[in-house]
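To start, the structure under review is shown below, and the notes come after it.
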Amino acid sequence: MPLFEVAIIEKPSKKEIEEGTGAEKLVFGPKCVIAADTQTAGMRAIMKDPEAAKIDMDKAEVLVRPFVM
């Protein structure tokens, strides 16, 4: 199976953006995950890591890319 890199970025809420207090922040990764495809890699990263499971996914963007040397 291929290897992927997964990272999760937390987006600011609309209220934070309007007030100018919000900024994107890296809340997970990048970490390597072995999976059949990019969708499965994102799901595995979230489900297998206890810290990732606590992230508010309504404000999150999951980024997955193939691992390339």
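Every number here is computed from the coordinates shown, using simple stated rules; none is lab data. Here the structure is a predicted model, which is why all the values come from computation and not from measurement. Every residue, glycine among them, receives a Cβ derived from its backbone with ideal geometry; neighbour counts consider all protein chains shown.
In this simple spin-label model, placing a label point 7 Å from the Cα along the Cα-to-Cβ direction at both THR40 and ALA23 gives a separation of 3.8 nm. Summarising the amide proton neighbourhood of ALA60: residues at separation of 5 or more, or on other chains, whose placed amide H is nearer than 5 Å comprise LYS11.
From the helices alone, meaning DSSP H stretches of at least four residues, give me the mean residue ellipticity at 222 nm for the chain, per-run term -39500 (n - 2.57), in deg cm²/dmol to the nearest 500.
Working: 3 runs with 21 residues, N = 69.
Only helices count here, giving -7500 deg cm²/dmol.
Might you report the magnitude of the Cβ-based charge dipole of the chain about its Cα centre, with Lys and Arg at +1 and Asp and Glu at -1, to the nearest 20 debye? Working shown, then result.
Details: 10 positive and 12 negative charges, 42 e Å.
Magnitude of the dipole: close to 200 debye.
Listed by chain and number, the lysines whose alpha-carbon sits under 18 Å from that of LYS59, ignoring those within fewer than 8 places in the same chain, are LYS11, LYS14, LYS15, LYS25.
How much net charge surrounds GLY42 when only other residues with a Cβ under 13 Å from its Cβ are counted (Lys, Arg +1; Asp, Glu -1)? The answer is 0.
Net charge in the neighbourhood of LYS54 (other residues with Cβ under 14 Å of its Cβ; Lys, Arg +1, Asp, Glu -1) is -3.
Could you give the length gained on full extension between MET1 and ILE55, defined as 0.36 nm per residue of separation minus the Cα-Cα distance, in nm?
Difference between extended and current length: 16.8 nm.
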